[in-house]
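Below is one structure; the comments refer to it alone.
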Amino acid sequence: MLIVRSPVRISFAGGGTDLPAYYQQFGGAVLSAAINKYFYTILGKRTDGRIQVISSDLRIFENWSDIAAMEVKGSGLEIPLATLKDLGLRISVDLFLASEIPPGTGLGSSASVCVNILKTLTSYLQMPISKYELAERAFQIARSTLGRHVGKQDEYAAAFGGLNYITFDRDGSVHVEPMDLDPQVMRELQANLRLFFTGSSHHSWTILEEQEQFTRKHSGSTIDALHEVHLLAEHMSEALLKGDLSRFGGLLDEAWHAKKKFSTKISNPRIDQLYALARHHGASGGKITGAGGGGFLLLYCEPSCQEAVRNAMAAEGIHEMTLGFDFQGAQAIVNDPFIDGDEKGGSRWTFVPVGSPEMSR
């Protein structure tokens, strides 16, 4: 049995500077943390030369025999298909995909999916791959194969795990610097971060496409706002290293106001209302996760105000999701070659239709 999991992430500042349109001109930086909400892939061996992919989240499945001839875009399972095509190897497996969070919630789930499937297949095929190679290859699949207007931060967060200050050079190279915080500061930071689901999910690609267009043209307030969040990512990392969590919370508020200058699609009246409500009840700062428009509202709340903020959100029908940091990144959590004697660690699955004679045995 081979089971691989990869985390999603929360980003504090610098999102948008990880887009090629920005970092190729100025370099970029993001402060983010992988959290203990995961995407999973379970791999099993087949003997009929076909590949079957089942997604529990999307409630769809596909069965392929000739991956190379398939059109990538437009399939509900385009990320697994693009990943399989990118590897260019003929294998016969079942892949069962499941996530602890719904897609389109601003936590980098699409990147986590791609990183996860790459990790699963390279582990199964015994192809050594570093975390840097894993993240970069997943980014190239999203950017080049699928043509998505995405940045690099999500793939690196999923591959590495942890709380990191990630920098992006003009030549495209990436440096992941783990934040070596005092253990007590790390515990307090985790305890003071709260996530509330706004009730809406979305794909951020159109927002990011518009942002890239503005960045390349140096038009509007976008480029100045990106410079601001770039600098704020650095200041927030310095505040954490000094253990100044109060300053961190205030900078998170500054970063949110700067982020809203990227595009009119970043926020909406409902998000603004919820954020103002949280601030009124004591939250030091916060932001919408991901590119904006919906998903989770991330808040920094000192212990004295957490109950008041939680009650205020609950009164609006907004539910909290607990979180902690993940420090492992993408990894195989089960790889047992015993089942079915598969030397590569897979297991053979049999899918039995409901109502078939086998079900009554």
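The values are calculated or read from the model by the stated rules, or taken from the named source; none is laboratory data. Predicted model only: the values in this text are computed from it and were never measured. For neighbour counting, all protein chains shown are included, and Cβ atoms are generated from backbone atoms with ideal geometry for every residue, glycine included.
Applying the condition of being farther than 23 Å from Ala21 by Cβ and in contact with a Gly (Cβ under 9 Å, 6 or more places away or on another chain) to the range 167-190 and asking which residue is surrounded by the fewest Cβ atoms within 10 Å (Cβ to Cβ) yields Gln184. Are any residues in the range 135-194 part of a strand (DSSP E or B) and polar (S, T, N, Q), and if so, which ones? Scanning the range 135-194 gives Asn164, Thr167. Filtering the range 270-312 to residues that are touching a Lys or Arg at 6+ places or on another chain (Cβ under 7 Å), in a loop (DSSP other than H, G, I, E, B) and within 13 Å of Phe196 (Cβ to Cβ) leaves only Cys301. Sub-7 Å Cβ pairs linking a first residue in the range 92-112 that is closer than 13 Å to Arg9 by Cα to a second residue that is of a type in the set (Val, Ile, Thr) and in a helix (DSSP H, G or I), at least 6 apart or interchain, are Ser110/Ile79, ordered by first then second residue. Only a single criterion out of (1) at pLDDT 95 or above; (2) buried (at least 24 other Cβ atoms within 10 Å of the Cβ); (3) under 15 Å from the mean Cα position of the chain (by Cα) is not satisfied by Asn164, namely (2).
Here Gly16 meets each of (1) modelled with pLDDT under 95; (2) assigned to a strand (DSSP E or B); (3) surrounded by 24 or more Cβ atoms within 10 Å (Cβ to Cβ); (4) not β-branched (Val, Ile, Thr) with one exception, condition (2).
Assess whether Glu155 counts as being among the acidic types (Asp, Glu), under 23 Å from Gly295 (Cβ atoms) and at pLDDT below 95. No; evaluated as a whole, the condition is false for this residue. Would you say Val8 is among the β-branched types (Val, Ile, Thr), more than 20 Å from Asp94 (Cβ to Cβ) and surrounded by 24 or more Cβ atoms within 10 Å (Cβ to Cβ)? It is true that Val8 is among the β-branched types (Val, Ile, Thr), more than 20 Å from Asp94 (Cβ to Cβ) and surrounded by 24 or more Cβ atoms within 10 Å (Cβ to Cβ).
Screening Pro103, Pro80 for residues that are within 30 Å of Gly172 (Cβ to Cβ), modelled with pLDDT under 90, assigned to a helix (DSSP H, G or I) and under 20 Å from the mean Cα position of the chain (by Cα) leaves exactly one candidate, Pro80.
Looking only at residues of the range 110-152 that are in contact with a Phe, Trp or Tyr (Cβ under 8 Å, 6 or more places away or on another chain) and of a type in the set (S, T, N, Q), we find that the one that is nearest to Pro80 (Cα to Cα) is Asn116.
Residue count for the range 32-56 satisfying the condition of being of a type in the set (Ser, Thr, Tyr), over 21 Å from Gly162 (Cα atoms) and assigned to a strand (DSSP E or B): 1.
The set of residues from the range 208-257 being at pLDDT below 90, assigned to a helix (DSSP H, G or I) and over 22 Å from the mean Cα position of the chain (by Cα) comprises Gln213, Phe214, Thr215, Arg216, Lys217, Thr222.
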